[in-house]
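Report on one structure; see the data block that follows.
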Amino acid sequence: MDCRILVVDDDDDVCFTIKYVLERAAYCVLVAGSADQALRAFVEFKPELVITDLIMPGESGIDLIRKLKKVAPQVKVVAISGGERVTDRTILEDALRVGASRALQKPFRHAELMQIVVNLLNSSRV
């Protein structure tokens with residue numbers, strides 16, 4: 001499989017776990033620990049899919065999604081978060097509003113993430 005996926009999370013354990021699950025399914029995975037690292041990696045790695053946490057030090061995942069969609073409107077983005085509330089809505093809803101393809105609340109099952117990844121990558125090939 002030739003699909004490239006960028007995983008962005010400031011928690012090393014989360015990055016390692018997602019990377020492990022995706023690589024077992026034969027995806028090519030790169031991890032970044034911040035939005036800044038992710039933007040630099042995105043230019044060189046050219047992933048088809050980005051999985052990003054929303055609450056990170058420095059720039060948020062929401063900011064990252066906005067920037068990615070400006071430079072690559074076609075990129076698929078899965079937003080992940082503990083679902084923190086922002087006024088009367090969740091940050092996951094905000095992520096969908098700014099361009100995330102799907103939003104997934106932590107903790108999630110590996111099978112649930114894999115199903116989303118497969119569906120999004122297959123939909124971009126049709």
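For every residue, the table says whether it meets (1) among the acidic types (Asp, Glu); (2) within 19 Å of residue 101 (Cα to Cα); (3) at pLDDT 95 or above.
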{"residue": "9", "(1), (2), (3)": "yes, yes, yes"}
{"residue": "18", "(1), (2), (3)": "no, yes, yes"}
{"residue": "28", "(1), (2), (3)": "no, no, yes"}
{"residue": "37", "(1), (2), (3)": "no, no, yes"}
{"residue": "76", "(1), (2), (3)": "no, yes, yes"}
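The listed residues are 35, 100, 95, and the only one of them that is over 21 Å from residue 120 (Cα atoms), within 12 Å of the chain's Cα centre (by Cα) and of a type outside the set (Lys, Arg) turns out to be 35. Exactly one residue out of 26, 103 is aliphatic (A, V, I, L, M), out of contact with any Gly (no Cβ under 6 Å at 6 or more places or on another chain) and crowded, with 18+ Cβ neighbours inside 10 Å: that is 103. In the range 107-124, the residues that are more than 16 Å from residue 81 (Cα to Cα) reach residues that are among the charged types (D, E, K, R) and surrounded by 15 or more Cβ atoms within 10 Å (Cβ to Cβ) with C-beta atoms within less than 7 angstrom, at least six apart or across chains, in these pairs: 120/76; 120/102; 121/48; 124/48; 124/76. Restricting attention to the range 49-60, the residues that are farther than 12 Å from residue 36 by Cβ, surrounded by 19 or more Cβ atoms within 10 Å (Cβ to Cβ) and not polar (S, T, N, Q) add up to 5.
For the range 67-78, the criterion of being among the polar types (S, T, N, Q), without any contact (Cβ under 8 Å) to a residue 60 or more places away in the chain, surrounded by 13 or more Cβ atoms within 10 Å (Cβ to Cβ) and more than 20 Å from residue 111 (Cα to Cα) is satisfied by no residue at all.
Every residue, every condition in (1) within 17 Å of residue 7 (Cβ to Cβ); (2) among the aliphatic types (A, V, I, L, M), yes or no:
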site: 26; (1), (2): yes, yes
site: 52; (1), (2): yes, no
site: 61; (1), (2): yes, no
site: 66; (1), (2): no, no
site: 73; (1), (2): no, no
site: 93; (1), (2): no, no
site: 102; (1), (2): yes, no
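Against the test of being closer than 21 Å to residue 116 by Cβ and touching a Leu at 6+ places or on another chain (Cβ under 7 Å), the options 49, 68 yield a single qualifying residue, 49. Of the listed requirements (1) among the charged types (D, E, K, R); (2) more than 17 Å from residue 123 (Cβ to Cβ); (3) modelled with pLDDT of 95 or more, residue 88 misses just one: (3). Residue check: residue 115 meets all listed conditions (1) polar (S, T, N, Q); (2) modelled with pLDDT of 95 or more; (3) under 11 Å from the mean Cα position of the chain (by Cα) but one, namely (3). Pairing residues of the range 1-23 that are within 11 Å of residue 78 (Cβ to Cβ) and in contact (Cβ under 8 Å) with a residue 40 or more places away in the chain with residues that are surrounded by 12 or more Cβ atoms within 10 Å (Cβ to Cβ) and hydroxyl-bearing (Ser, Thr, Tyr), at Cβ distances under 9 Å and at least 6 apart in sequence or on separate chains, gives 5/27; 6/52; 7/52; 8/34; 8/52.
The values are calculated or read from the model by the stated rules, or taken from the named source; none is laboratory data. What you see is a predicted model, and the numbers here were worked out from it, not measured in a lab. With ideal geometry, Cβ positions are generated from the backbone for all residues, glycine too; neighbour counts draw on all protein chains shown.
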